[in-house]
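Visitor: Below you'll find the structure I mean.
The values are calculated or read from the model by the stated rules, or taken from the named source; none is laboratory data. Since the structure is predicted, the reported quantities are computational estimates derived from the model, not experimental observations. Note: ideal-geometry Cβ built from the backbone for every residue, glycine included; neighbour counts use all protein chains shown.
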Amino acid sequence: MKPKINLLGICGIALALLIGLIGCGEDAIEEDPVNFVQAIPATGSEIQQDTTIIATFDGIPDGVNVKGGKFSVSGSNVRITGPFAAGALNLMITWSDGATTLTYTVEAPEPAPAGMVLIPAGEFDMGSNDAEAQNNEQPVHRVYVDAFYMDETEVTNVQFKEFLLENPQWQKGRVNHRKFADPHYLLLWNGNNYPDGEGNHPVVFVSWYAAMAYSEWAGKRLPTEAEWEYAARGGLKGKKYPTSNTITALDANFNRNANGTTPVSEYPENGYKLYDMAGNVWEWCLDEYDAEFYFTFPRNGVARNPLSGANSVEWLMNNWTNVVGTRVLWDGSWHNVGSRVLRGGSWPDNAVSARVAFRLDVLPRHTNGHIGFRCVRAVSP
């Protein structure tokens, strides 16, 4: 007699074995938790306001959040950026497998030198996509600049005269016109005397070379183009002008509304307490002009302290007297080569030129009654 087979029992056993196998498989693929490894600078350190902190994990963390700072995740690293407020800093990092707190002491910057204001380190969108944007203002790209000090106002006639008296080689009639300035240099001056009643007006008819010489004498330098635009925006995002999206005769000296330069600080300051970042006079920048400079920046990520035409600010400050700008003829038209950047617009120019993103190029020897400058100084580490 054949034994009876209990099919129901066999099916039950098989199902149990299958569930067990599935369970074993789940156990086999379960991943170990991701753990925090270290931070650079190490927690407990003293840091600057613009320090970047890198937190490293032993795997790729999921669900990251950082309370106390801006952050980005790249593989097993979390990059935390400021600027951070001076004093005690606590950064709470959470992720799906855990949490940790990094503590730092953020050092306060030195007091700003007389006549200057602190521009905090930070990121901004450089350039413009608005309807009035020029091709050389595009593409808009993300830029980071270190903290720096900037002159509250454009350099005045009084200040420039002090420089001239100590540096006679830059006086009217003595400057090297073939190399450092055109024949209109300090056109409105009578010897070493500026026009009557204009001591507090911005100095004009100064070349890029003269501006560089003054800034070096003052222990400063000209701003990079990125520093200038960042400062001009005054902390505002996506605005056309230093204080808003519109500009009127009450906001700045432009469009011949004053028919000449006006005393510095006569119009409202921007969010960084800077005056005349739109209008009054164009302002020289450190950079060599490059119409396509923005295309050299990374499409993704952030360009840090960009500078056109030199490997570094330090190199340019040591070699500026060797900079050459000239006009050359090719393809049937004249082009400037080695020209420098001007920003901010001036008293006879329209509102389009007064936008914070507007870029203009001029040869470094050139002078006229619409061009002046202001200086910056690095924040000591």
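Visitor: Any idea which of (1) touching a residue at least 12 places away in the same chain (Cβ under 8 Å); (2) in contact with a helix residue (DSSP H, G or I) (Cβ under 7 Å, 6 or more places away or on another chain) is the one residue 174 doesn't satisfy?
Guide: Going through (1) touching a residue at least 12 places away in the same chain (Cβ under 8 Å); (2) in contact with a helix residue (DSSP H, G or I) (Cβ under 7 Å, 6 or more places away or on another chain) one by one, residue 174 breaks only (1).
Visitor: Which pairs do you get when a residue that is under 18 Å from residue 378 (Cα atoms) and assigned to a helix (DSSP H, G or I), found in the range 309-338, comes within reach of a residue that is modelled with pLDDT under 85 and not aliphatic (A, V, I, L, M), reach meaning Cβ atoms under 9 angstrom, with the pair 6+ apart or on two chains?
Guide: none
Residues checked against (1) touching a strand residue (DSSP E or B) at 6+ places or on another chain (Cβ under 9 Å); (2) at pLDDT 95 or above:
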| site | (1), (2) |
| --- | --- |
| 262 | yes, yes |
| 273 | yes, yes |
| 278 | yes, yes |
| 281 | yes, yes |
| 284 | yes, yes |
| 301 | yes, no |
| 305 | yes, yes |
| 308 | yes, yes |
| 311 | no, no |
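Residue-by-condition table, conditions (1) surrounded by fewer than 21 Cβ atoms within 10 Å (Cβ to Cβ); (2) modelled with pLDDT of 95 or more; (3) among the β-branched types (Val, Ile, Thr):
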| residue | (1), (2), (3) |
| --- | --- |
| 191 | yes, yes, no |
| 229 | no, yes, no |
| 248 | yes, yes, yes |
| 269 | yes, yes, no |
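Visitor: Could you please tell me which pairs satisfy a Cβ distance under 7 Å, a separation of 6+ or placement on different chains, a first residue in the range 286-299 that is at pLDDT 95 or above, and a second residue that is of a type in the set (A, V, I, L, M, F, W, C)?
Guide: Within 7 Å, the pairs are 286/222; 286/307; 286/313; 286/316; 287/307; 287/341; 289/341.
Visitor: Follow-up. Taking the range 331-341 as the region of interest, how many residues are farther than 17 Å from residue 135 by Cβ and in contact with a helix residue (DSSP H, G or I) (Cβ under 9 Å, 6 or more places away or on another chain)?
Guide: Step one: of the range 331-341, the residues farther than 17 Å from residue 135 by Cβ are 331-332, 334, 337-338, 340.
Now drop any that are not in contact with a helix residue (DSSP H, G or I) (Cβ under 9 Å, 6 or more places away or on another chain), which leaves 340.
Qualifying residue count, the range 331-341: 1.
Visitor: Being free of Cβ contacts under 8 Å to residues at least 60 places away in the same chain, within 25 Å of residue 48 (Cβ to Cβ) and not small (Gly, Ala, Ser) is the filter here, so list the residues in the range 107-142 that pass it.
Guide: Hit for the range 107-142 is 111, nothing else.
Visitor: Next up: Only one of 132, 154, 216 is at negative phi and crowded, with 21+ Cβ neighbours inside 10 Å; which?
Guide: Details: 132 fails: crowded, with 21+ Cβ neighbours inside 10 Å; 216 fails: crowded, with 21+ Cβ neighbours inside 10 Å.
Step by step, each of 132, 154, 216 is checked, and only 154 is at negative phi and crowded, with 21+ Cβ neighbours inside 10 Å.
Visitor: Let me ask you something else. Identify all residues within the range 57-73 that are within 22 Å of the chain's Cα centre (by Cα) and either of a type in the set (Lys, Arg) or surrounded by fewer than 12 Cβ atoms within 10 Å (Cβ to Cβ) (or both); write none if there are none.
Guide: Taking the range 57-73 as the starting set, the residues that turn out to be within 22 Å of the chain's Cα centre (by Cα) are 69-72.
Listed by number, the list holds a single entry, 70.
Visitor: Continuing with this model, one more query. Are any residues in the range 347-373 hydroxyl-bearing (Ser, Thr, Tyr) and either closer than 17 Å to residue 137 by Cα or without any contact (Cβ under 8 Å) to a residue 60 or more places away in the chain (or both), and if so, which ones? Don't jump to the end; show me each part of the working.
Guide: Taking the range 347-373 first, the residues hydroxyl-bearing (Ser, Thr, Tyr) are 353, 367.
Hit for the range 347-373 is 353, nothing else.
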